[in-house]
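The values are calculated or read from the model by the stated rules, or taken from the named source; none is laboratory data. Since the structure is predicted, the reported quantities are computational estimates derived from the model, not experimental observations. For neighbour counting, all protein chains shown are included, and Cβ atoms are generated from backbone atoms with ideal geometry for every residue, glycine included. Ligands, DNA and RNA are excluded from the accessible area calculation, which covers all protein heavy atoms including side chains. Shrake-Rupley method; radii C 1.70, N 1.55, O 1.52, S 1.80 Å.
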Amino acid sequence: MASHSFGALIEIDESAHIRDPPPVLQKEPHGLPDLPTAYELDELRRATHSNGPCIPTTPGTQTPRTPNDLEMSGAPSPRHTDAVDVMQTWTNPPINKWRVLSACMMNFGNGLNDAAPGALIPYMEKDYRIGYAIVSLIFVTNAVGFLSAAPLAAIIQSRLGRARTLVLAQTIMTAAYTMLACKPPFPVVVLAFFLLGLGIATQLAPNNMFCANLANSTTCLGFFHGSYGIGGTVGPLIATGLVTHGHVWITFYFIALPLALVNLTLAFFTFRHFETDNPPLHLLHSTASNSNPTSSRSQLLKAALRNRTTILGALFIFAYQGAEVSISGWVISFLISYRHSSPSHVGYVTSGFWAGITIGRFLLSHPAHRIGEKRATILLVAGATAFQLLVWLVPNVVGEAVAVSFVGLLLGPIYPCATSVFTKLVPRRLQMSSLAAISAVGSRGGAVAPFFTGLLAQQVGTWVLHPICVGLFGMMVTCWLGLPRVGKRTE
């Protein structure tokens with residue numbers, strides 16, 4: 001009976017015939033169709049736009065699992081906006097130690113070059129029988145050389161590479177020093193200063209960018225710009241020592257010339273594999289999974305020039321270099337004409353100014369980084385303004401010499417702090433063009449302010465140096481407060 005009932009139950013099950021049973025009820029391990037996953041569908045949609053590998057989606061078939069297919073079906077390459085660079089240090093890779101040394105040596109030469117004219121101007125005026133207004137043309141053409149290099153810096157580096165770009169810059173400076181060493185007519189002196197500006201600007205932006213993108217960039221930039229201060233300190237000492245011992249002013253450039261040749265050689269051997277150690281970021285996203293085209297150089301330059309940080313940064317450095325070069329170039333003339341000192345005695349005041357800048361960059365850059373570059377810069381500018389007023393209002397040569405040194409001490413860390421802030425605010429792809437533009441436009445301050453100081457000094461006296469510098473300090477504070485807040489880099 002039980003057997004008969006069980007057989008009837010079987011009959012009922014067999015009568016309920018199910019047509020086209022769904023595949024999901026099949027238990028065979030290979031009987032399931034290989035339907036595309038959500039990831040594969042996403043890959044398929046992306047492949048239609050990038051000519052990538054096509055993933056089969058026919059039900060009942062399997063996606064190939066060859067090694068090549070597995071490799072091609074991996075995760076897409078990171079997009080440019082998601083990529084993160086591994087930040088290098090000054091010791092990793094090891095060649096960076098020599099690169100930092102090379103950059104510092106080049107900036108030492110820049111400081112040597114920029115600080116010497118302040119001590120040489122009285123002797124140039126006497127030798128060529130010219131006045132303040134005419135001799136100020138060397139500042140103008142020097143700035144024009146800087147400005148000429150701005151739109152070319154990124155293009156030159158992209159075509160020549162970092163090493164050849166730096167070699168080109170030092171070659172231009174070598175040619176300029178050779179011209180000056182021959183005691184040419186004054187128009188040729190003016191042309192030589194144009195070439196010096198062009199050469200300095202060509203290597204300044206790449207070196208700034210290199211140091212700014214190392215770990216603890218403010219400290220590295222402090223050493224880099226501190227080297228400039230050392231050159232600025234030594235330059236007037238050498239120049240004053242030579243001319244006061246009866247040597248012609250051009251003798252100074254017989255010292256600058258071999259230094260440029262040494263820098264040329266060192267730059268070539270330390271930076272010749274720079275592109276291998278620092279691959280461009282855009283190479284990370286030139287794959288089928290992200291086919292966004294790289295912006296052209298002209299578009300990058302336009303974007304950099306429209307960037308708020310670039311505009312305010314350029315005006316800030318314009319005012320900074322205007323005050324720095326004006327003090328360096330005209331404070332000796334002020335002390336001679338208004339404090340009735342002899343050139344042989346006050347010729348060393350400029351060295352005290354640059355010594356203050358050097359000490360400030362080496363000793364105050366790291367504390368400025370600890371308390372915050374934006375806050376530290378405001379305090380430093382306020383202190384420099386106070387000491388500049390002391391130079392103007394206290395009629396004591398010794399006291400003024402000390403005050404000038406303190407002005408340099410407080411101005412010293414400002415440039416490395418500003419460069420560090422600019423690199424944090426400007427996108428990585430715009431940094432080369434942006435820093436070149438900031439350096440170029442900023443260098444005009446190093447020409448415009450000394451030039452107009454010379455013109456006004458011709459008419460009313462060299463005391464105009466001080467109100468001009470105080471006004472430039474006020475301009476620095478205004479531009480600095482207008483910068484965006486520093487946020488965490490997402491590149």
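Estimate the FRET efficiency between Leu363 and Ala386 by the formula 1/(1 + (r/R0)^6), using the beta-carbon distance for r and 25 Å for R0, to the nearest 0.05. E between Leu363 and Ala386, to the nearest 0.05, is 0.80. With a Förster radius of 41 Å applied to the beta-carbon distance between Arg339 and Val248, the computed FRET efficiency rounds to 0.90.
Accessible surface for His247 stands near 90 Å², nearest 10, in the context of the full protein assembly shown (1.4 Å probe). When the surface is traced with a 1.4 Å probe over the full set of protein chains, Cys182 keeps roughly 100 Å² accessible. Rounded to the nearest 0.05, what FRET efficiency do Ser148 and Phe452 have when you use their Cβ-Cβ distance and R0 = 30 Å? Rounded to the nearest 0.05, the efficiency is 0.90. In the context of the full protein assembly, Asp114 retains an accessible surface of approximately 50 Å², using a probe radius of 1.4 Å and ignoring ligands and nucleic acids.
Between Asp127 and Thr171, full extension at 0.36 nm per residue minus the direct alpha carbon distance yields a gain of 13.0 nm.
For Ser443, the shell of other residues with beta-carbons less than 15 Å away shows a net charge of -1, using +1 for Lys and Arg and -1 for Asp and Glu. For the set Leu410, Leu214, the ranking by accessible area, highest first and with no ligand, DNA or RNA atoms included, is Leu410, Leu214 under a 1.4 Å probe. Counting only protein heavy atoms and a 1.4 Å probe, region 304-455 has 34 square angstrom of accessible area per residue. Where in region 375-389 does the label zone of Arg485 land, with the point 7 angstrom along Cα→C-beta and an amide N cut-off under 15 Å? Backbone N within reach: 375. With all protein chains in place and ligands, DNA and RNA left out, the 1.4 Å accessible area ranks Ile317, Ile336, Ile311 as Ile311, Ile336, Ile317, largest first. Between Leu101 and Ile371, the modelled labels are 3.5 nm apart [label points 7 Å from Cα along Cα→Cβ].
Each of the peptides 392-405, 191-204, 136-149 was scored by the mean count of other Cβ atoms within 10 Å over its residues; in descending order, highest first, they stand as 191-204, 136-149, 392-405. When Rg and the Kirkwood radius Rh are both evaluated on Cα atoms of region 383-486, their ratio Rg/Rh stands at 1.04. With a simple spin-label model that places each label point 7 Å from the Cα along the Cα-to-Cβ direction, the separation between Leu160 and Asn396 comes to 5.1 nm. Here the 3J(HN,Hα) profile of region 243-252, calculated from phi with Karplus coefficients 6.51, -1.76 and 1.60 at θ = phi - 60°, is 6, 6, 9, x, 7, 5, 4, 6, 4, 4 Hz, Gly and Pro shown as x.
The modelled label-to-label distance between Ile378 and Thr89, using points 7 Å beyond Cα along the C-beta direction, is 3.4 nm. The residues Val234, Val243, sorted by heavy-atom accessible surface at 1.4 Å with ligands and nucleic acids left out, run Val234, Val243 from largest to smallest.
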